[in-house]
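Step one of this worksheet: look at the structure below.
All of the numbers you see were taken from the coordinates with simple rules; none came from a lab. Remember, predicted model here, so these are calculated numbers, not experimental data. No Cβ is skipped: glycine too gets one built from the backbone with ideal geometry, and neighbour counts run over all protein chains shown.
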Amino acid sequence: MILGVHNMVDALSHYTKEHVTGDGSLWILGLDGILLIPVIFAVFFYPMAMLIGIGTALALAVVYLALVQALHGHRARIGH
């Protein structure tokens, strides 16, 4: 069992070394950081708008999760 997992991890690392390069990964992180700066400033200058936006996003996430849970329960009852 352990030998199989070890072989699978080795194969996965060989695949990633062969087909995926690490060139430019720090640039991507830097760009993400640059894009995060306006959001941080928006929190300071428009706190109520950001709170409303965050609250809306959380409410939508809760509604989505409730719908997924309800559909999962419905499918389990009808046998799908």
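In a fully extended conformation the segment linking L58 and F44 would gain 3.0 nm over its present Cα-Cα distance, using 0.36 nm per residue. Spin-label model, L35/H6: points 7 Å from Cα along the beta carbon direction are separated by 4.1 nm.
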